[in-house]
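Enquirer: Got a structure for you, questions after.
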Amino acid sequence: MAETQGDKKIKTYCRFCHATCPMEVTVRDNKVISLRPDTDNEVFGGYTCLKGRQMPEQLYLPERILSSLRKNADGTRSEIRTQQALDEIASKLREIRDKYGPRSIASYNGTVSFQNSATHPVAKAWHVALDSPSYYTSITIDQPAKVGIGQARMGFWAGGNHTWRDSNVALIIGNNTLVSHFSIPGGIPSFSPSSALREGKKRGMKIICVDPRRTEVAARSDIHLQIKPGQDAILLAGLLHIILEENLHDSEFCEENIENLTPFKQSLARFTPDYVAERAGLNKDDIIAAARMFAAGPKGSATTGTGPEMGPYPNLVQHLTQALNAICGRHYRAGEKLPNPGVLSPPFPRLAQAVPPQPEWLTGIRSRVSDDIGEVTVLTANGPLKEMPTAICADEILMEGEGQIKALICIGGNPLLAWPGQEKAHKALKNLDLLICLDYKLSATAEMADYVIGSKLCLERDDLTVLTDIWYEQPYSHYTKSVVEAEGDVIEEWELFWQLGKRLGLSLNVNEQPLDMVNKPSKYDILEKMTSGSRVPLEEIYGRDGGHVFDAPDVIVQPADPATKGLLNLFPAGLDEELEGAASDADRSVMEAQQHPYLLVSRRMKNTFNSTGPELSFLASKGTTNPAYMNPDDLTAMNIEDGEIIFIRSERGEIPGVVQSSPDIRKGVISMAHCWGGAPGGAGDDKVREIGANTNRLIHNLDNPAKYSGMAQQSAIAVTVRKVDEPD
Ligand SMILES: Nc1nc2c(c(=O)[nH]1)N[C@H]1C(S)=C(S)[C@@H](COP(=O)(O)OP(=O)(O)OC[C@H]3O[C@@H](n4cnc5c(=O)[nH]c(N)nc54)[C@H](O)[C@@H]3O)O[C@H]1N2
Ligand SMILES: Nc1nc2c(c(=O)[nH]1)N[C@H]1C(S)=C(S)[C@@H](COP(=O)(O)OP(=O)(O)OC[C@H]3O[C@@H](n4cnc5c(=O)[nH]c(N)nc54)[C@H](O)[C@@H]3O)O[C@H]1N2
Ligand code: SF4
Ligand SMILES: [Mo]
């Protein structure tokens, strides 16, 4: 639409994914008529992607839920005022709490819940006030080992790990930031990742990429180890073995800060380059070269992504990754400047010392499924946060007895498509007394809900870059005011919890400060409580038009305090058995390859964000299915044509897939995105070209659950492939 005089131009940032790209939106009569990258922004330099640019269509989508919906006894849905829906929900929750106890009330806060900066403090406050530990998020089906379990077991460095901008080398294990816009510091920054990568390479940085696919990142790396899926623990053990054998580690740092290096080294004895090369399907010389390149540093980090973290040994993979950083001393030392200790948290001294392991992070409330699985502590921008593991939430709904979940509030998530083990997830969601979804569209899960509450979309709300605060490599922050006023009877994520809290007579505390439970607080009020005492006052960030790098005083890492200094434990209890287990599985997998000739792995697609995207016309024009990407040699061997439909079968189920020939895939691997398709048993399988297929139907959540998190194996799934005629 042509712009006219009187149109308002408003700076904001995109929250379609986590990358917070700054945008400038043109508004006329409270309608977004166009948006474009904010080219003035000093960090992003005008970067945006195709998904974020579809926000105007998303706002005015004809199918958008603009009021609330209640399911009738006959399965149809009626529109209902949101305040009335909330009254009804609160009274049902009260009944459920009185009858079954508070633990029977759960919430699942999915990926998009994190894009609203106030969701989690208010959601958690609601659970605390209700006395219900049943607080679930998508983190525990994502990478819980990376953001809590790994640190609990080994400890971590108070001064922080090396970040990208200071690094000479990066070891990137199954993380494709150029498409996912997602990595933790040390990996390619999530913000304008292609220019960060270009800048790194220009100053001579070396990149080692471990991925069964020649990804966008792999294609730009110095060494690409095109690994056999699921063998990352074996490879990492091999890299550690070489570095320690060749004495390439930082022995001075180890002496001072590490315990149990000797038994750790001994436990790696079998992981010789020959042993690893055979099991990981790699060339021995490449493995040796990668180990030497990483160890040469002198600065850099090893980081993982969802590939290995969803594989068979997430806790072990994470431990070994952190061990590489530890033995090479990839941590900021006394006197060094931290690129960004965070803008939104209070200043505190950063010390050059280890925070010791935190066993109590692993021993919170137990699940009813197994004593090995229970509350997980996740390190968030708002501090350590306890949550129950989503991988076993379906069991907690289905298992009768005290504590059984009867009501589930689902915020910005789509469990029917996302939870590992779709059959069980489906059964569990059907088994609930009450299912509530806050969503902007009738998702596969919302279809099953008793109440669907219409949600605001990001351009209709204020937000602050809390989630990403410590991921920026500069003291950057962005407060956006809402760009347009929501026109429907819709609410925000945190508001749902506040509204239900008020109706249930609960008092919610955010950052130890009470919320007004009579008059609804403003978003600013909540954000102010969340950030009280922050290095840069919220008022100053609020006062800026657009995102900004703040002129905060440098934070210099201070010498260790002998009174509190800890050691990083390289050889925690159980590690030996984990290594033994990974090795014997690897030995077996060499033999069993005949039985299951393919391994199915996960991936992200450019035109969708998990299950968000296919409803938008431009994104759908890029494809309406999650193709089964396969190597052309495999297709030739099986006489499969590009574009043909095949059936992919695991021990647990079978799904169709539309084949896409792709030379970047390792032979014997099928690469396919999750969160597609419909409910099991529906007509969906005939519509694989229109709605894709759900890879979680190939998984059973309890086949190989990780200790502590119950993290299910969601990648490196052994499958066979059979040809079929295309269904009509
Ligand atoms: N097999 C397999 N399973 C996986 C994975 C895998 O790689 N393989 N990945 C896992 C990972 S990493 C994750 S994070 C999960 C994802 O799991 P989920 O977070 O449960 O799934 P999403 O599809 O992201 O759900 C987002 C929902 O939010 C809705 N939505 C969009 N915008 C808004 C908004 O502004 N407000 C609200 N309230 N709702 C909105 C969308 O319509 C959609 O229904 O899946 C996990 N499952
Ligand atoms: N466009 C887009 N962006 C997204 C999302 C999306 O759906 N679409 N989802 C968001 C979410 S929820 C998350 S958690 C992040 C995830 O962000 P990433 O972790 O970067 O996710 P992917 O892009 O899938 O990259 C994972 C890589 O691991 C590789 N891999 C698979 N199996 C293995 C294995 O066994 N070993 C090794 N070494 N590699 C393996 C895959 O080939 C893939 O290239 O992305 C976020 N960003
Ligand atoms: S990468 Fe794309 S979807 Fe993510 S914030 Fe930027 S524009 Fe939005
Ligand atoms: Mo995720």
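Each reported figure results from applying straightforward, stated rules to the coordinates on display, with no laboratory input. Please read these numbers as outputs of a predicted model, since none were measured by experiment. Reconstructed Cβ throughout: ideal geometry from the backbone, glycine too, with neighbour counts over all protein chains shown.
Enquirer: Once each part is reduced to its C-alpha centroid, what is the distance from the stretch 8-87 to the stretch 514-571 in angstrom?
Expert: 27 Å
Enquirer: If you don't mind, another one. Nothing charged except the Cβ atoms of Lys and Arg (+1) and of Asp and Glu (-1): what's the magnitude of the dipole of the stretch 8-59 about its Cα centre? Round to the nearest 20 debye.
Expert: Values: 9 positive and 6 negative charges, 39 e Å.
Value, rounded to 20: 180 debye.
Enquirer: Compute the projected area of the convex hull of the Cα atoms of the stretch 426-477, averaged over all viewing directions, and report it in nm² to one decimal place. Write down the numbers at each step before the final one.
Expert: On the way: hull surface 22.3 nm².
If you wrap the Cα atoms of the stretch 426-477 in a convex hull and average its projections, you get 5.6 nm².
Enquirer: Between Asn519 and Gln266, what's the calculated FRET efficiency when r is the beta-carbon distance and R0 is 51 Å? Round to 0.05.
Expert: Numbers: r = 64 Å, r/R0 = 1.25.
Computed FRET efficiency for Asn519 and Gln266 comes out at 0.20.
Enquirer: Still on this structure, I have one more. With no solvent and one point per C-alpha, what does the Debye sum give as log10 I(q)/I(0) for the stretch 540-656 at q = 0.09, 0.15, 0.19 Å⁻¹?
Expert: Results for the stretch 540-656 at q = 0.09, 0.15, 0.19 Å⁻¹ read -0.67, -0.96, -1.18.
Enquirer: Decide, for the stretch 370-504, between rounded, prolate and oblate: order the square roots of the alpha carbon gyration tensor eigenvalues as a ≥ b ≥ c, take rounded if a/c falls under 1.5, and otherwise choose prolate if a/b is larger than b/c, else oblate. Don't skip to the end; give the middle numbers.
Expert: Working: a/c = 2.10, a/b = 1.33, b/c = 1.58.
Cα axes put the stretch 370-504 in the oblate bin.
Enquirer: Could you name the lysines whose alpha carbon sits less than 16 Å from that of Lys529, not counting residues in the same chain fewer than 8 places away?
Expert: Straight-line reach from Lys529, under 16 Å: Lys124, Lys520.
Enquirer: With each pseudo-label sitting 7 Å past Cα toward Cβ, what's the Glu654-Arg28 distance in nm, one decimal?
Expert: Calculated label separation equals 5.5 nm.
Enquirer: What percent does the relative contact order of the stretch 577-673 come to when contacts are Cα pairs within less than 8 Å and at least six residues apart?
Expert: Rounded, it is 34 percent for the stretch 577-673.
Enquirer: Considering amide H positions built from the backbone, and no H for Pro or chain starts, which residues 5 or more places from Thr612, or on another chain, come under 5 Å of its amide H?
Expert: none
Enquirer: Next question. Choose one of Ala196, Asn30, Ala716: the residue whose Cα lies farthest towards the positive end of the charge dipole of the chain (beta-carbon charges +1 Lys, Arg; -1 Asp, Glu; about the Cα centre).
Expert: Going by the charge dipole, the pick is Asn30.
Enquirer: When a footprinting reagent is the concern and you count Cβ atoms within 10 Å, what order do Arg203, Arg15, Arg77 take, fewest first?
Expert: Arg203, Arg77, Arg15
Enquirer: Can you compute the FRET efficiency between Tyr542 and Ser617 using 1/(1 + (r/R0)^6), with r the Cβ-Cβ distance and R0 = 51 Å? Round to the nearest 0.05.
Expert: Values: r = 35 Å, r/R0 = 0.69.
The pair Tyr542/Ser617 has a calculated efficiency of 0.90.
Enquirer: Across the chain, where is the longest run that never hits GluC sites (Glu not before Pro) in a DSSP loop with at most 14 other C-beta atoms within 10 Å? Walk me through the intermediate numbers first.
Expert: On the way: sites that count: Glu3, Glu42, Glu63, Glu246, Glu400, Glu402, Glu485, Glu487, Glu512, Glu641, Glu651.
In short, 64-245.
Enquirer: Next question. Taking +1 at the Cβ of each Lys and Arg and -1 at the Cβ of each Asp and Glu, which of Leu239, Cys328, Met205 sits farthest along the dipole of the stretch 156-333 towards its positive end, judged by Cα position relative to the Cα centre?
Expert: Positive-most Cα among the choices belongs to Met205.
Enquirer: Okay, next question. Let me check against my output: what whole-number percent is the relative contact order of the chain, with C-alpha pairs under 8 Å and at least 6 apart? Each step should come with its number before you reach the end.
Expert: Values: 1640 pairs, mean separation 141.0, N = 728.
In percent, rounded to a whole number, it is 19.
Enquirer: If each Cα of the stretch 589-723 is one equal point scatterer, what is log10 of I(q)/I(0) from the Debye formula at q = 0.09, 0.10, 0.13 Å⁻¹?
Expert: -0.26, -0.32, -0.54
Enquirer: Glu199 versus Ala73, label points 7 Å from Cα toward the beta carbon: distance in nm?
Expert: The two pseudo-label positions are separated by 6.3 nm.
Enquirer: Under Stokes-Einstein, with the Kirkwood radius over Cα pairs standing in for Rh, what whole-number D in µm²/s applies to the stretch 69-129 at 20 °C and 1.002 mPa s? All intermediate terms of the calculation are to be shown ahead of the outcome.
Expert: Numbers: Rh = 13.8 Å.
Using the Kirkwood radius from Cα pairs, D works out to 156 µm²/s.
Enquirer: How large are Rg and Dmax for the chain when calculated on the C-alpha trace, in angstrom?
Expert: Just the Cα atoms of the chain yield Rg and Dmax of 24.8, 73 Å.
Enquirer: For Ser91 and Glu512, compute 0.36 nm times the residue count separating them, minus their Cα-Cα distance, and round to one decimal in nm.
Expert: Numbers: separation 421, 0.36 × 421 = 151.56 nm, distance 2.76 nm.
Here the segment from Ser91 to Glu512 would lengthen by 148.8 nm.
Enquirer: Follow-up. Determine how many Å³ per residue the convex hull of the Cα atoms of the stretch 367-424 encloses.
Expert: Details: hull volume 6.7 nm³, N = 58.
That works out to 115 Å³ per residue.
Enquirer: Could you give log10 I(q)/I(0) at q = 0.15, 0.18 Å⁻¹ for the stretch 8-59, computed by the Debye formula over C-alpha point scatterers of equal weight, without solvent?
Expert: With no solvent term, the Cα-only Debye profile gives -0.36, -0.51.
Enquirer: Related question: Just add up the charged neighbours of Ile526: K/R +1, D/E -1, any other residue whose Cβ is under 13 Å from the Cβ of Ile526. Working shown, then result.
Expert: Numbers: positive: Lys124, Arg461, Lys520, Lys523, Lys529; negative: Asp462, Asp463, Glu492, Glu493, Glu495, Asp516, Asp525, Glu528.
Taking every other residue near Ile526 into account, the sum is -3.
Enquirer: Moving on to the next point. Say the dipole of the stretch 8-59 comes from +1 at the beta carbon of Lys and Arg and -1 at that of Asp and Glu; which of Phe16, Thr39, Leu59 then lies farthest toward its positive end?
Expert: Checking the options against the dipole of the stretch 8-59, the answer is Leu59.
Enquirer: Can I ask one more? Treat every Asp and Glu Cβ in the stretch 156-333 as -1 and every Lys and Arg Cβ as +1, leave all other atoms uncharged, and give the resulting dipole magnitude about the Cα centre to the nearest 20 debye. If you can, show how the numbers build up before the last one.
Expert: Values: 18 positive and 18 negative charges, 127 e Å.
Here the size comes out at about 620 debye.
Enquirer: Based on the Cβ-Cβ distance of Lys337 and Met591, what FRET efficiency does E = 1/(1 + (r/R0)^6) give at R0 = 30 Å, to the nearest 0.05? Don't skip to the answer; put the middle values down first.
Expert: Values: r = 52 Å, r/R0 = 1.74.
For R0 = 30 Å, the calculated efficiency reads 0.05.
Enquirer: How many lysine pairs does the stretch 589-723 hold where the Cα atoms are under 29 Å apart and the two sit 8 or more places apart or on different chains?
Expert: 10
Enquirer: Rounded, prolate or oblate: which fits the stretch 589-645 when a ≥ b ≥ c are the square roots of the eigenvalues of the alpha-carbon gyration tensor, with rounded for a/c under 1.5 and prolate only if a/b beats b/c?
Expert: On the way: a/c = 4.08, a/b = 1.92, b/c = 2.12.
Here the stretch 589-645 falls in the oblate category.
Enquirer: On to the next question. What ranking of Leu435, Leu538 emerges when the number of other C-beta atoms within 10 Å of each C-beta is taken as an exposure proxy, fewest first? Kindly include the intermediate steps, with their values, before the conclusion.
Expert: On the way: Leu435 23, Leu538 20.
Taking fewest neighbouring Cβ atoms as first place, the list is Leu538, Leu435.
Enquirer: With both bridge residues required to lie in the stretch 587-662, what share of the DSSP beta bridges run antiparallel, to the nearest 5%? Numbers along the way, then the final one.
Expert: Values: 6 of 9 bridges.
In the stretch 587-662, DSSP labels about 65 percent of beta bridges as antiparallel.
Enquirer: A further question follows. First check a/c for the stretch 471-515, with a ≥ b ≥ c the square roots of the eigenvalues of its C-alpha gyration tensor; if it is under 1.5, answer rounded, and if not, answer prolate when a/b is larger than b/c or oblate otherwise.
Expert: Values: a/c = 3.55, a/b = 1.32, b/c = 2.69.
Oblate, since a/c reaches 1.5 and b/c is not below a/b.
Enquirer: Moving on to the next point. For the stretch 156-333, what ratio Rg/Rh do Cα atoms give with a Kirkwood hydrodynamic radius?
Expert: Working: Rg = 14.9 Å, Rh = 15.9 Å.
Ratio value, two decimals: 0.93.
Enquirer: So, one more: Size of the dipole of the chain about the Cα centre, Lys and Arg at +1 and Asp and Glu at -1 on the beta carbon, nothing else charged, in debye to 20? Working shown, then result.
Expert: Values: 76 positive and 94 negative charges, 134 e Å.
Value, rounded to 20: 640 debye.
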